[in-house]
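Peer 1: The structure under discussion is supplied below as structure tokens; questions concerning it will follow.
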Amino acid sequence: MPSEEESSSNPLFYWDADAEEELRAIETAYASSSAKRRLCELEARDPDAADQRSKGRRLPDWGKTNAALSRGRAADRMPPSFPINGLWSLARRPCRENFKMKYPAMVFQGQIIYSRTAPEVELAAKEILDKINSMKDNSDQVSLGFDIEWRPLFKRGEAQRKAAVMQICMDNSRCDVIHIIHSGIPPILKSLLEGNSSVKVGIGVANDASKISKDYNICVEPVEDLSSLANLKIGGDPRKWGLSSLTETITCKQLKKPHKIRLGNWETDVLSREQLQYAATDAFASWHLYQVLKGFPDAKAEAEDMTQTSHAVS
């Protein structure tokens, strides 16, 4: 313990007697609360033993049940920092803090087209281009959910691996998973990636495009980042959205990211069914979020319209 000289000369060691007395009172209240909590736990495990240990007047069983329910409801209504019985909640309550509504999982349920050889990739890319051309009458620019995967590194100093898998999704009926580590990027796929007839959308899509350029000398464009679009449409303080967090915010569904799959071997000879589903769902989520977000008004413009309307009414 520091000396009185240290306490007076160094503000870090300053101690207030009133504060010490208040702290002791809090500790006494907390000890009393802990004893009551232990008694409740004992009662839950063995009601007979709890009855023998307790003294004083007790409620009948029907009153005890209703009182417990009433206390539970009151506690549920209070915010986490609300003082209960004059004592601020000092202990962490992990059950409360870790509670999170379980949203249903977002899962792509359409057809997954898996291509791993150059001829298969050319055929798949041609089908996508044909569909884009057929949709031009209804849309100026078709959106493609776009994503890539590569084998992660687990040792420092290793060079980043080449992009191994490319995912492209243009609607809720079909997603293409292309094993480019084996097929490369043949001419028709190159034409699809570099063509202006479609915009490639995703989280951090510019980084993905940059990696494809570095690894395969292909320029993926045009691209639109979902995080920037979300900030424009949702408003508030700008944030760096992840695909999972944006999916939950916009759709109330969770995008599962199992480490076993996400950090798995994407250079394997043949992708597993789980890898295909994971890859397709990521691209589908990007496509779907783009469709939803582009239907939102710009947050800033909407706020200005509301302000003008308010002034006109007043």
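Please treat every number below as a calculation from the coordinates, not as lab data. It should be emphasised that the depicted structure is a prediction, and the values quoted were computed from it without experimental measurement.
Peer 1: Name the lysines eligible as straight-distance cross-link partners of Lys200: C-alpha to C-alpha under 18 Å, and not fewer than 8 places from it in the same chain.
Peer 2: Lys126, Lys131, Lys136, Lys190, Lys211, Lys214, Lys294
Peer 1: Related question: Computed on alpha carbon atoms, what radius of gyration and Dmax characterise segment 105-194, expressed in Å?
Peer 2: 14.8, 51
Peer 1: How large is the Kirkwood hydrodynamic radius of segment 141-214, in angstrom, based on all distinct alpha carbon pairs?
Peer 2: Values: mean 1/r = 0.0751 Å⁻¹.
Here the Kirkwood hydrodynamic radius works out to 13.3 Å.
Peer 1: In addition: Run the numbers for Ser210 and Arg273: contour at 0.36 nm per residue of separation, minus the present Cα-Cα distance, in nm.
Peer 2: 19.9 nm
Peer 1: Any idea what the alpha-carbon Rg over 2.2 N^0.38 Å comes to for segment 111-300?
Peer 2: Expressed relative to 2.2 N^0.38 Å, the Cα Rg reads 1.00.
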